[in-house]
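Below: the structure, in structure tokens.
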Amino acid sequence: MSAMRRWQFWIGILISVGFLWLALRGLSLAEVLAELPGIKYIWLIPGVLVYFIGVWVRAWRWHYLLRPLKSIPTRKMFPIVAIGYAGNNIFPARAGELLRSVVLKRREDVPVSASLATIIVERVFDGVVMLAFVFLNLGELARLTGDSGFVGSIQKVALWGTGAFIGALFVFLLAAMFPKYAEMTAGFFVNWVVPIRFRDKFMELTRRFLEGLEALRSPRDVLMVFATSVVIWLLETGKYWFVMQAFPFEVSFFALMLMNGIVNLATTIPSAPGYVGTFDAPGIALLVAYGIHRPVAATYTLVLHAALWFPITALGLYYLAREGISWGADMDQLRAEA
């Protein structure tokens, strides 16, 4: 890995350490361990099953976005999506997204830059849905008595995040509807800032990227992708609910939607692989604001994080082994492609 990547990696580690300190300050290990014997672990099983249904829906959504490029059955997409999520959990900087694009190219010969465009579209829609979950519950959030800095700043973060995600979605929709003008605009900036010897390659990548946005040209397709994204995140909130049944506390499903939205928006902050700290700190803070005893809130959030991390990572690594993929070789291929 390059020196720059090592620098990014260690910055992520430091950010995660800071968030973990915020999450667990004032707690002793004994307090957390004392909660473990009372957990009804059987409830984790339906939670994991619901989550895997959500991953299958993600695979269908990606199949839907890729249809203008190539129609690939969802059953073939599911292992690739699992590999990507395992990569996100293990490697820094969401490298799993690059990994699944490389696997897709190896399997189906879909250009990496075009498939990455569809993945970015996925992330934008995910961000819009997460912000919708937060906004749907802002009134309830305002009534919370918690003094956590995370809770107190959510409204501002939600407003800025809405502008960013809605703005990105608007740009992608314009680029999809007017590809020639988008290509001309990109060409202007490429000619302005890119050295001459790289311009042809940049423009070729731009054209492939715009091909990946083709699914956004139809209002029906945009509505379908948005509806699918809502279903995905409701299923993931269902996992939060099932895991909650293993613990001696209860909050509403809407409160768990709010928690889901907040923690997943927080994981966009650079961190160590697996979103260590950035997932846990806001989740614990929100539950404490709802009046949940801090050791219980911490144990629930950590168990939930583990239940989200281990099953999909194990499945993704299984599919990765079946592919016979070498991480180093694939990154070399990716650098050659883009």
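Going out from 0 in 5 Å bins, what whole percent of all Cα-Cα distances in the range 58-105 drops into each bin?
5, 25, 30, 23, 12, 5, 0
Given Val231, His305, Pro248, which one lies farthest toward the positive end of the charge dipole of the chain, if we put +1 on the Cβ of every Lys and Arg and -1 on the Cβ of every Asp and Glu?
Selected residue: Val231.
If I take every Cα pair under 8 Å that is 6 or more residues apart in the range 1-102, average their sequence separation and divide by the length, what percent do I get for the relative contact order? Provide the component values of the computation, followed by the final result.
Details: 48 pairs, mean separation 18.3, N = 102.
Averaging sequence separation for qualifying contacts and normalising by length gives 18 percent for the range 1-102.
Which whole number in µm²/s is D for the chain by Stokes-Einstein, with the Kirkwood Rh taken over Cα pairs at 25 °C and 0.890 mPa s? Could you put the intermediate results ahead of the total?
Values: Rh = 21.2 Å.
Rounded to a whole number, D works out at 116 µm²/s.
If every alpha-carbon in the range 1-140 counts as one equal scatterer, what log10 I(q)/I(0) does Debye give at q = 0.12, 0.18, 0.21 1/Å?
Ignoring solvent entirely, the Cα scatterers give -0.74, -1.18, -1.25.
Just subtract the alpha-carbon distance of Thr74 and Arg294 from 0.36 nm times their residue separation and send over the number in nm, one decimal.
Numbers: separation 220, 0.36 × 220 = 79.20 nm, distance 4.16 nm.
Going from the current span to full extension adds 75.0 nm.
Just to confirm a number: summing +1 for Lys and Arg and -1 for Asp and Glu over residues other than Leu173 whose beta-carbon lies under 14 angstrom from that of Leu173, what do you get?
Here the count lands on 0.
Looking only at Ala307, Ala34, Ala175, which one moves most when the chain is put into a Gaussian network model with springs between Cα atoms under 10 Å?
Ala34
Can you tell me the accessible area per residue over the chain, all protein chains present, probe 1.4 angstrom, in square angstrom?
On the way: 16210 Å² over 338 residues.
Ligands and nucleic acids excluded, the figure is 48 Å² per residue.
Compute the distribution of all C-alpha to C-alpha distances in the range 188-271, in bins of 10 Å from 0, and list the percent of pairs in each, rounded to whole numbers.
Pair shares across the bins are 14, 24, 23, 20, 12, 6, 0.
Could you size up the charge dipole of the chain around its Cα centre, putting +1 on the beta carbon of Lys and Arg and -1 on that of Asp and Glu, and report it in debye to the nearest 20? Provide the component values of the computation, followed by the final result.
Details: 30 positive and 22 negative charges, 142 e Å.
Charge dipole, the chain, about its Cα centre: 680 debye, nearest 20.
Where in the chain is the longest stretch that carries no trypsin sites (Lys or Arg not before Pro) classed as loop by DSSP and with at most 16 other Cβ atoms within 10 Å? Walk me through the numbers on the way to the answer.
Values: sites that count: Arg25, Lys40, Lys70, Arg143.
After excluding every exposed loop site, the longest remaining stretch is 144-338.
Show me the helices of the chain, taken as full DSSP H stretches, that run 27 Å or more along their long axis by Cα and average -0.5 or above in Kyte-Doolittle hydropathy.
Working: long enough: 3-24 (31 Å, 1.24); 44-66 (33 Å, 1.12); 112-136 (36 Å, 1.88); 154-177 (33 Å, 1.74); 219-244 (38 Å, 0.98); 294-323 (43 Å, 0.77).
Passing helices, by number: 3-24, 44-66, 112-136, 154-177, 219-244, 294-323.
Quick one: Cα centre-to-centre distance for the range 225-244 and the range 16-81, in angstrom?
Measuring centre to centre over Cα atoms gives 10 Å.
Any idea how far apart Arg106 and Tyr181 come out in nm if each label point goes 7 Å out from Cα toward Cβ?
4.1
Of all accessible surface on the chain at a 1.4 Å probe, what whole percent is carbon and sulfur? Don't skip to the answer; put the middle values down first.
Details: 11140 of 16210 Å².
Reported share for carbon and sulfur atoms: 69 percent.
Could you sort out which of Lys76/Lys180; Lys76/Lys105; Lys70/Lys239; Lys105/Lys180 sit more than 22 Å apart by Cα distance in this structure? If you can, show how the numbers build up before the last one.
Working: Lys76/Lys180 32 Å; Lys76/Lys105 13 Å; Lys70/Lys239 32 Å; Lys105/Lys180 25 Å.
As for pairs spanning more than 22 Å Cα to Cα, those are Lys76/Lys180; Lys70/Lys239; Lys105/Lys180.
The values are calculated or read from the model by the stated rules, or taken from the named source; none is laboratory data. The structure displayed is predicted, hence computed values, not measured ones. Glycine also receives a Cβ, built like all others from the backbone with ideal geometry; neighbour counts cover every protein chain displayed. For the accessible areas, the whole protein counts, side chains as well, though only heavy atoms, and no ligand, DNA or RNA atoms are used. Shrake-Rupley method; radii C 1.70, N 1.55, O 1.52, S 1.80 Å.
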